[in-house]
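Step one of this worksheet: look at the structure below.
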Amino acid sequence: MATSINAEIVHIQDSVGAIEKGKFADLIAVSGDPLKDITEMQRVKFVMKGGEVVRNDLRLAESAARAVAR
């Protein structure tokens, strides 16, 4: 429902419908292509719910890499 066209239809395009600063978002990120390998969905790296980050393994990996490099 929260695509840009649908957001315009129901007049909520100011708060949803695109990945932009200040808009609500529910999204996940994985390393690979889940269309080619559905098991990627078992290895979620990032979760945003309602515009708030609830999981960010990407940041943890960056911090660990910096610690090892020191």
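The values are calculated or read from the model by the stated rules, or taken from the named source; none is laboratory data. This is a predicted model, so every value here is computed, not measured. Reconstructed Cβ throughout: ideal geometry from the backbone, glycine too, with neighbour counts over all protein chains shown.
Can you name the residue in segment 11-63 that is within 10 Å of the chain's Cα centre (by Cα), assigned to a loop (DSSP other than H, G, I, E, B) and not aliphatic (A, V, I, L, M) and is also modelled with the highest pLDDT among such residues?
Restricting to residues being within 10 Å of the chain's Cα centre (by Cα), assigned to a loop (DSSP other than H, G, I, E, B) and not aliphatic (A, V, I, L, M), the top hit is LYS45.
Please enumerate the residues belonging to segment 36-51 that are among the aliphatic types (A, V, I, L, M) and over 16 Å from LYS23 (Cβ atoms).
Across segment 36-51, the qualifying residues are ILE38, MET41, VAL44, VAL47.
Using beta carbons and a limit of 7 Å, which pairs, at least six apart or on different chains, have the first residue in segment 7-18 and among the hydrophobic types (A, V, I, L, M, F, W, C) and the second one in a loop (DSSP other than H, G, I, E, B)?
ALA7/GLN13; ALA7/VAL16; ALA7/GLY17; VAL16/ALA2; VAL16/LYS23; VAL16/PHE24
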